[in-house]
Amino acid sequence: MSASRAKFLIPGALLLTLGLTACDSGMDEAALEARLGEMQAELEDRFTPGLHTLMVDLGVRHANLWFAGEAGNWPLADYMVHELEELVEEIEELHPMYREIRVAELIGEMTHPAIEDLEDAVDAGDLAAFQRAYDDLTVACNACHIASDKAELVIQRPTAPVSTNLRFTPER
């Protein structure tokens, strides 16, 4: 179940459960609302992917994007760049701060311009522009890691596909 889906389904189930429980327990409305708030916070913590998990997923999308673009599979590259962009936005939303680091601000400032350039290159089907924009995104990722005191995390052009079950060459 995705984190966003869990945000809607689980609180609804909790409300139903708590409503039924409240009928039997004699809990007053304020106590019920307080307990619901506690449970919702606990569930959000439990079902929200950690920053590390999202970053690993971002790395997979980054690699898949490279192979799609290099193969000239512009529809797949378009899909990958938009998935990458959505994941960056999810990171900004779910982890605006991480250990005193303004993650949302850093990732936004550093990656959004490169992602826009990638979108333009993919839309144009321009391999040279794609390669430049991809490298710019990679530089932005590494600059973000340095600014986040994670300089040991160095991203590069992938040398082999991560997803061996995904065909990168376009159907002709």
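The values are calculated or read from the model by the stated rules, or taken from the named source; none is laboratory data. For clarity, every value in this text was computed on a predicted model and none was experimentally measured. So basically every Cβ, Gly included, is an ideal-geometry build from the backbone, and we count neighbours across all protein chains shown. For accessibility, only protein heavy atoms count, side chains too; no ligands or nucleic acids. Shrake-Rupley method; radii C 1.70, N 1.55, O 1.52, S 1.80 Å.
Sorted by accessible area (1.4 Å probe), largest first, how do Ile107, Ile101 line up?
Numbers: Ile107 5, Ile101 40 Å².
Order by accessible area, largest first: Ile101, Ile107.
Counting Lys +1, Arg +1, Asp -1, Glu -1, what net charge surrounds Tyr98 among other residues with beta carbon under 12 Å of its beta carbon?
Values: positive: Arg99, Arg102, Lys150; negative: Glu92, Glu100, Glu105, Asp149.
Once positives and negatives cancel, what remains is -1.
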Nearest-10 value in Å² for the accessible area of Asp149, using the 1.4 Å probe: 130
Measure of compaction for the stretch 67-155 (Cα Rg per 2.2 N^0.38 Å): 1.12
